[in-house]
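The values are calculated or read from the model by the stated rules, or taken from the named source; none is laboratory data. What you are looking at is a predicted structure, and each value in this text was computed from that prediction instead of being measured. All Cβ positions, glycine included, derive from the backbone under ideal geometry; neighbour counts span all protein chains shown. Heads up: the accessible areas ignore ligands, DNA and RNA and are worked out on the full protein's heavy atoms, side chains in. Shrake-Rupley method; radii C 1.70, N 1.55, O 1.52, S 1.80 Å.
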2 protein chains.
Amino acid sequence: MASSVADACRDADLIVEAVPERLDIKHRVYAEAETTAKPDALIASSTSGIKPTDLQGPLQHPERLLVVHPFNPVYLLPVVEIVGGQQTSEDAIQRAMTFYPTLGMKPVRVRKEIEAFVADRLLEALWREALWLIKDGICTTQELDDIVRYGFGLRWAQLGVFDTYRVAGGEAGMRHFMAQFGPCLSWPWTKLMDVPEFDDVLVDLIAGQSDAQSGHIPIRQLERIRDDNLIAIQKALQANNWGAGEALARHEAALAKDAPEPDWSKPLPTFAIRVPAHWLDYNGHMTESRYLEAFAFATDGFMRMIGTDADAIAAGHSLFTAETHIRHLGEVSRDEDIAITTQVIEAKGKKVHLWHEMREGSRLLATSEHLLIHMDLNARASAEPPPAVRAKLDHVAQAHASLPTPDGLGRHVGQRR
Amino acid sequence: MASSVADACRDADLIVEAVPERLDIKHRVYAEAETTAKPDALIASSTSGIKPTDLQGPLQHPERLLVVHPFNPVYLLPVVEIVGGQQTSEDAIQRAMTFYPTLGMKPVRVRKEIEAFVADRLLEALWREALWLIKDGICTTQELDDIVRYGFGLRWAQLGVFDTYRVAGGEAGMRHFMAQFGPCLSWPWTKLMDVPEFDDVLVDLIAGQSDAQSGHIPIRQLERIRDDNLIAIQKALQANNWGAGEALARHEAALAKDAPEPDWSKPLPTFAIRVPAHWLDYNGHMTESRYLEAFAFATDGFMRMIGTDADAIAAGHSLFTAETHIRHLGEVSRDEDIAITTQVIEAKGKKVHLWHEMREGSRLLATSEHLLIHMDLNARASAEPPPAVRAKLDHVAQAHASLPTPDGLGRHVGQRR
């Protein structure tokens, strides 16, 4: 932990400024940062609305300042708005556009600087209309939120605004959609020409309704619910390889590629995760199918180690699971860290026989025995693996031949000890 | 299929009107409907914006007309806005509020009638701001959509607008949040005071950008992607029992309660589903953990049949899976209908030994053998089941004793035939 701004910035390549939204405070922080910062260190302001041109004015190196606007909660929402000012260099913008994806973020470059950029303008427009609806007693905050989260919010989470309307327009296309709905712009469908007065009466009304809606849930718990849902939604989109889920898949694949060479002489570390809320069931523990999901991820991890990665699969070679035997030995709950190791029992011809063990710390939670078959995806038939995979498999099978036989191997369901 | 409006309405309890948004057409349809409709049949207009008072004017029974405004795609988005006019009876409103949940829908009653109701006002506000952003060249339609779907869209899908801000306000509460952001209302953060001219130049700009963004995806495919994502997101929220997922869970539980008594002498039909897109993996078929998820749902179905339902679990009795052996015998892909039957092998003392078979039509896809243990959830220890469950289990175990032993029972992984 650095004790001053100057200290914190000394060896940094990227300086993230997230101080209050006052130009004088921000300028003071930049001045101190520049006393120690390397001349080409980026300065990324988290401002929600101030133009970068206004921020960079007094800097010694104004060309390295840009806005990188994240969204709450920043540790789960991938998007950042990238906005350059009049003096920002193209190099600074490009470095930010290249760096943020390595964190699993999604940078979107805003083409011209304006106050509030893009997202907060959209949010502000909807917010003003929402204030009118509450003030005029058309609905309560609870009813408005329900209309959003049981309705168009589910569309925006995956398609955004224009693609949603593109689909709604159907085969006739976007032009047709707009021709149909364009006239609404002159209808009295919003009060956008006007802004409600933000007086105590309105504040009391909204605060009171919000308490009635969610006052029974402590803020920390509501925050946790929000985060659990953000994770569940993004993992769901990942299964469809779409939107925020596609970014997540790309990020996980990049991390997997960077994995160090394992110690082949031991059971291999093939998967680890902190148990998310949506993996639990009505019994309050990780549900049985998530055990197999974790074991399947471990199989995927093993496959990458022997060269059956995404490229190999695209080229037509994969492994299919033929048989699985899971023994549940312990319960596990949310936020516990589980890790799986994998031992090769046999790998001959078209078959691979694996043994996975799942642990939380030293506690054995489950074992899973798998029989996998090498597949030619083009012929959709079993096949010998490619030579490079064969070589890797032979190597690990030989290394694991001297490991002790796992306790529980080769058992059938209900077999007595 | 009825050949006329009069025909279609003859024996209906609910008449859904979804004709074009022109008052003269709607009035003509209502007049024909009333020639045959029962006097107390509800007439629900799908209008997106016309006030029910304007719709019901000429009706013989205006008290039975109300607006029930659904959202595209209506077969997947749960919300409907319920709006009564000056002559709508409270009884008509209450019947709609009671009926729609039986379809798994979420009715939200709008308190006062206004044009465009609630959702379309919010959408219109955001749409007007979006048009300005595109027209002024701040971003493209693609960039705007990315900012929504990688950002606040993920929040709105689960919390809506006010609860999102409630969490953002933190412990200080909603009043604090509003005090902080209230002043923005007078800042130039939107162009809401003004409406862009909807001329050919703007239409061409948006249509062109939209084509560049998604023109490579045929509309039908984009629609399918949207629907796949809506299903995946709502199932993800169901795992957290929240928002649209909570409504789905409640609906599925209600359907399960209505299930007819099974024929106990045969393997029991315990689960069926059309394979959704997010159950597939990189090999293009249903992924292995979803086999176990389906088998776990079958176990849940069996548990409900023997009385270990949600109420029993709340009272502290459940079944935990100790061991599972799955054999994958066939592949299955999206939109195929799979069904699982369940045979009791043995049910003595604290143990239940089950055999599930999964089929697509007559094609056997997989078998799964399970050892389950009765649990006392309060003591978190194995226990004898309650007497009512014991009696049901004895009944089905005895009925299944005469069924043939399943092919594949008691095998271990890799066992030769």
Worksheet item: Taking B:Ala249, is it outside the structural domain of B:Met375 (by TED's automatic domain parsing) and of a type in the set (Gly, Ala, Ser)?
Response: yes
Worksheet item: Does B:Asp54 qualify as being part of a helix (DSSP H, G or I), out of contact with any strand residue (DSSP E or B) (no Cβ under 6 Å at 6 or more places or on another chain) and away from every other protein chain (no Cβ under 13 Å)?
Response: yes
Discussion item. If a residue must be more than 7 Å from chain B (Cβ to nearest Cβ) and buried (at least 24 other Cβ atoms within 10 Å of the Cβ), how many such residues does segment A:106-127 contain?
Written reply: 1
Response to the item:
Checked pairs for segment B:152-169, first more than 7 Å from chain A (Cβ to nearest Cβ), second crowded, with 24+ Cβ neighbours inside 10 Å and at pLDDT 90 or above, C-beta under 6 Å and 6 or more apart or across chains, list as B:Thr164/B:Arg155
Worksheet item: Do we have any residue at all in segment B:319-327 that's in contact with a Gly (Cβ under 8 Å, 6 or more places away or on another chain) and closer than 24 Å to A:Leu329 by Cβ?
Response: yes
Discussion item. I want to confirm something. Restricting to segment A:250-277 and keeping residues that are crowded, with 19+ Cβ neighbours inside 10 Å and within 13 Å of another protein chain (Cβ to nearest Cβ), which single residue is nearest to B:Val275 (Cα to Cα)?
Written reply: A:Ala277
Response to the item:
Pairs returned, first residue in segment A:306-324 that is over 13 Å from A:Ile373 (Cβ atoms), second residue that is polar (S, T, N, Q), beta-carbon separation under 7 angstrom, 6 or more apart or interchain, are A:Gly316/A:Asn378
Discussion item. The conditions are (1) part of a helix (DSSP H, G or I); (2) within 29 Å of B:His412 (Cβ to Cβ); (3) of a type outside the set (S, T, N, Q); (4) in contact with a strand residue (DSSP E or B) (Cβ under 8 Å, 6 or more places away or on another chain), and B:Ala247 fails exactly one of them. Which is it?
Written reply: (2)
Discussion item. Residues to consider are B:Thr367, B:Thr324, B:Thr308, B:Thr341; find the one that is under 30 Å from B:Ile231 (Cβ atoms) and open to solvent by 20 Å² or more (accessible area, probe 1.4 Å).
Written reply: B:Thr341
Practice prompt. Give the residues of segment A:128-149 that are facing chain B (nearest Cβ under 7 Å) and either in a helix (DSSP H, G or I) or more than 24 Å from B:Val80 (Cβ to Cβ) (or both), sorted by residue number.
Written response: A:Arg128, A:Glu129, A:Ala130, A:Leu133, A:Thr141, A:Glu143, A:Leu144, A:Asp145, A:Asp146, A:Ile147, A:Val148, A:Arg149
Response to the item:
Note on segment B:292-305: residues out of contact with any helix residue (DSSP H, G or I) (no Cβ under 7 Å at 6 or more places or on another chain) and open to solvent by 10 Å² or more (accessible area, probe 1.4 Å) are B:Phe297, B:Asp300, B:Met305
Item to complete: Take segment A:206-243 and flag every residue that is assigned to a helix (DSSP H, G or I) and small (Gly, Ala, Ser).
Response: A:Ala207, A:Gly208, A:Ser210, A:Ala212, A:Ser214, A:Ala232, A:Ala236, A:Ala239, A:Gly243
Practice prompt. Considering each residue of segment A:147-169, count those that are open to solvent by 10 Å² or more (accessible area, probe 1.4 Å) and closer than 19 Å to A:Leu230 by Cβ, and give that number.
Written response: 2
Discussion item. With the structure loaded, tell me whether A:Val29 is of a type in the set (Val, Ile, Thr), touching a Ser or Thr at 6+ places or on another chain (Cβ under 6 Å), at pLDDT 95 or above and surrounded by 15 or more Cβ atoms within 10 Å (Cβ to Cβ) or whether it fails that test.
Written reply: no
Item to complete: Scan B:Gly410, B:Gly361, B:Gly316 and give me the residue that is touching a His at 6+ places or on another chain (Cβ under 7 Å) and either of a type in the set (Gly, Ala, Ser) or surrounded by 16 or more Cβ atoms within 10 Å (Cβ to Cβ) (or both).
Response: B:Gly410
Worksheet, complete the sentence: Note on segment B:237-279: residues of a type in the set (A, V, I, L, M, F, W, C) and more than 30 Å from B:His353 (Cα to Cα) are B:Leu237, B:Trp242, B:Ala244, B:Ala247, B:Leu248, B:Ala277
Worksheet item: Hey, B:Gly160 hits all of (1) at pLDDT 95 or above; (2) in contact with a Gly (Cβ under 8 Å, 6 or more places away or on another chain) but one; which does it fall short on?
Response: (1)
Worksheet entry | Matching residues, segment B:1-44, being in contact with a Lys or Arg (Cβ under 7 Å, 6 or more places away or on another chain), under 15 Å from B:Leu65 (Cα atoms) and outside any loop (DSSP other than H, G, I, E, B) | B:Glu17, B:Leu42, B:Ile43
Practice prompt. Among the candidates B:Arg166, B:Arg175, single out the residue that is part of a helix (DSSP H, G or I), touching a Ser or Thr at 6+ places or on another chain (Cβ under 8 Å) and of a type in the set (Lys, Arg).
Written response: B:Arg166
Worksheet item: Can you name the residue in segment B:219-249 that is open to solvent by 40 Å² or more (accessible area, probe 1.4 Å) and over 23 Å from B:Arg155 (Cβ atoms) and, of all such residues, is nearest to the other protein chains (Cβ to nearest Cβ)?
Response: B:Glu223
Fill in: Top-ranked residue in segment A:278-291 [being surrounded by 18 or more Cβ atoms within 10 Å (Cβ to Cβ) and not aromatic (Phe, Trp, Tyr); ranked as farthest from the other protein chains (Cβ to nearest Cβ)]
A:Met286
